[in-house]
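The values are calculated or read from the model by the stated rules, or taken from the named source; none is laboratory data. For clarity, every value in this text was computed on a predicted model and none was experimentally measured. FYI the Cβ positions are ideal-geometry reconstructions off the backbone, even for glycines, and counts take in every protein chain you see. Quick note on the areas: whole protein, heavy atoms, side chains included, nothing else; ligands and nucleic acids left out. Shrake-Rupley method; radii C 1.70, N 1.55, O 1.52, S 1.80 Å.
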Amino acid sequence: MKHIKVADLMTDEVVTVAPDTAFKDVAKLLAQHDISGVPVLDDEDRVVGVVSQTDLLAHPAALARSDLQHGAPEPPPAAGDIMSAPAVTVHAEDTAADAARLMTRRSIERLPVVDVEDRLVGIVTRRDLLRMFLRPDSEIRQRVQDILTVVVGVPAGDVEVHVVDGIVTMDGMVQHRSQLRVLHAVVERLDGVVAVASHVTARNDDAAFSDAGHARHAMPW
């Protein structure tokens, strides 16, 4: 089963800064490119941190407190002084769904994409990840039909599939009840599927037999 990878959605033209890039220059880059953050790279293009709008906005307040306490302004900060480190990153071969879960868990808007040596190869944003829910309905329908015949073993025509705005509706009948569980589990995990409404029934109830032999006959995928 093919899932959308980060490589399918990422942008490989990335705005980056060095650790010694001045605070004001970082702010200008964010405004100029209308982005929420930039990776910070060392001399070998390895990601050592990320400077976000949050990092920039938090620093002036800290600087103001320092001015009040010491009576003199501190030297202007650079990207390396205010970046969040270590950076939260993903790899190009990771699934888009895993990247989306990581963004949600860490409350971040973008993820640098790195190779095995942590060198930057691209960047993926929340906006990019939304594209996996824009997969054409016709493509989703074809994938569901492939699952029915290849994975579940349902003869063509036994189950009708309709997809509208990512919502999959299935009507028809399969031979065994155990096939229903497989069908539902796989279709729900398809990239681009928003919801599944299944009205498929089974001719035979083999659930008890299937549960007893599950450990011996688990389907490999």
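Under the condition of being in contact with a helix residue (DSSP H, G or I) (Cβ under 7 Å, 6 or more places away or on another chain) and not acidic (Asp, Glu), the residues counted in the stretch 111-147 number 9.
For first residues located in the stretch 24-40 and more than 20 Å from ASP12 (Cα to Cα) and among the hydrophobic types (A, V, I, L, M, F, W, C), partners that are open to solvent by 10 Å² or more (accessible area, probe 1.4 Å) and modelled with pLDDT under 95 and lie 6+ apart or on another chain with Cβ distances below 8 Å form the pairs ALA27/LEU56.
This table checks each residue for (1) of a type outside the set (Gly, Ala, Ser); (2) at pLDDT 95 or above; (3) open to solvent by 90 Å² or more (accessible area, probe 1.4 Å); (4) not in a loop (DSSP other than H, G, I, E, B).
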position	(1), (2), (3), (4)
ARG127	yes, no, yes, yes
GLY157	no, no, no, no
VAL161	yes, yes, no, yes
MET170	yes, yes, no, yes
ARG181	yes, no, yes, yes
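Among the residues of this structure, GLY122 counts as one that is at pLDDT 90 or above, small (Gly, Ala, Ser) and either touching a Lys or Arg at 6+ places or on another chain (Cβ under 7 Å) or not in a helix (DSSP H, G or I) (or both).
Checked against the criterion of being open to solvent by 80 Å² or more (accessible area, probe 1.4 Å) and closer than 30 Å to ALA27 by Cβ, the stretch 77-92 has at least one qualifying residue. Any residue at all in the stretch 132-149 that's assigned to a helix (DSSP H, G or I), over 30 Å from VAL90 (Cβ atoms), modelled with pLDDT under 95 and out of contact with any strand residue (DSSP E or B) (no Cβ under 8 Å at 6 or more places or on another chain)? Scanning the stretch 132-149 turns up at least one residue that is assigned to a helix (DSSP H, G or I), over 30 Å from VAL90 (Cβ atoms), modelled with pLDDT under 95 and out of contact with any strand residue (DSSP E or B) (no Cβ under 8 Å at 6 or more places or on another chain).
Taking the conditions (1) exposed (fewer than 15 other Cβ atoms within 10 Å of the Cβ); (2) on the phi < 0 side of the Ramachandran plot; (3) not β-branched (Val, Ile, Thr) in turn, SER107 satisfies each one other than (2). Candidates GLY37, GLY49: the one that is touching an Asp or Glu at 6+ places or on another chain (Cβ under 7 Å), at pLDDT 75 or above and either open to solvent by 30 Å² or more (accessible area, probe 1.4 Å) or within 19 Å of ARG126 (Cα to Cα) (or both) is GLY37.
Taken over the stretch 185-207, residues that are modelled with pLDDT of 90 or more and part of a helix (DSSP H, G or I) amount to 2.
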